[in-house]
Amino acid sequence: EDAEAAFAHYIREKIHLLKARQASGKVAHSTGFLLDAIRRNYTNPEFAAEQQRQAIQDKRKAAQARKRELDQLRDRYTTRKKSRDEDAHARCAQILQASPALLEEVMAAVLTQNPFCQRYYDTSRTPAENYREALGLWAFVDIALEQQYPAHFQDLRDRYDTDLAVMEKQIATLEQPAAG
């Protein structure tokens, strides 16, 4: 196959030389010129330079396509992760709405374990109001609730985490420098 590829390259080089000579008006009989170029192995330095330019252009196009693919994959990953987080938050809100005592217990634990969260806690509001309105709190409450009751979130992990792991591997692969 290497011999066949080398022969094809050799012929393309001679055809390229023929076209260049025709463009400059230096060829009267194209068939005769091409046969002479093949038989006598006429050199064509412009062909190698053009192939090198084409290779650089092809490499640039491939890099741009790779970057577009990576950007699209990152966007899909971010969207999927956001959907998972929104579904988990909705599940937490549902669980806590059904059990206000659990919300008070988890909120107290979060405030004790993370004293900086106290700045987000408004004592004039109920724990439920603080949970709904303070992002700095509900994120910690959700995390604590998921850690305390992992079985309630298993279906969400099953639904999202496999896809996210596959996407992470694809992103890591695309982030590797291209070969060549």
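Looking at the range 76-83, is at least one residue of a type in the set (Gly, Ala, Ser), surrounded by 12 or more Cβ atoms within 10 Å (Cβ to Cβ) and modelled with pLDDT of 95 or more? Yes, there is a match, as at least one residue in the range 76-83 is of a type in the set (Gly, Ala, Ser), surrounded by 12 or more Cβ atoms within 10 Å (Cβ to Cβ) and modelled with pLDDT of 95 or more. Within the range 156-168, being open to solvent by 70 Å² or more (accessible area, probe 1.4 Å) and among the acidic types (Asp, Glu) holds for Asp158, Glu168. Specify which of the listed residues (Ala6, Ala48, Ala55, Ala90) is open to solvent by less than 70 Å² (accessible area, probe 1.4 Å), without any contact (Cβ under 8 Å) to a residue 40 or more places away in the chain and within 30 Å of Tyr131 (Cα to Cα). Only one candidate passes the filter, namely Ala90. Residues in the range 51-76 that are in contact with a helix residue (DSSP H, G or I) (Cβ under 7 Å, 6 or more places away or on another chain) and not hydrophobic (A, V, I, L, M, F, W, C) were compared, and the one that is farthest from Tyr10 (Cα to Cα) is Arg76. Residues in the range 11-47 that are aromatic (Phe, Trp, Tyr) and more than 48 Å from the chain's Cα centre (by Cα): 1 in all. Among the residues of the range 162-180, the one identified as in contact (Cβ under 8 Å) with a residue 40 or more places away in the chain and either β-branched (Val, Ile, Thr) or closer than 19 Å to Arg91 by Cα (or both) is Ile171.
Has the range 60-73 got at least one residue that is surrounded by 12 or more Cβ atoms within 10 Å (Cβ to Cβ) and closer than 30 Å to Phe153 by Cα? Checking the range 60-73: at least one residue is surrounded by 12 or more Cβ atoms within 10 Å (Cβ to Cβ) and closer than 30 Å to Phe153 by Cα.
The values are calculated or read from the model by the stated rules, or taken from the named source; none is laboratory data. These numbers come from a predicted model, not from an experiment. Positions of Cβ are generated from backbone atoms using ideal geometry, with glycine treated the same way; all protein chains shown enter the neighbour counts. Quick note on the areas: whole protein, heavy atoms, side chains included, nothing else; ligands and nucleic acids left out. Shrake-Rupley method; radii C 1.70, N 1.55, O 1.52, S 1.80 Å.
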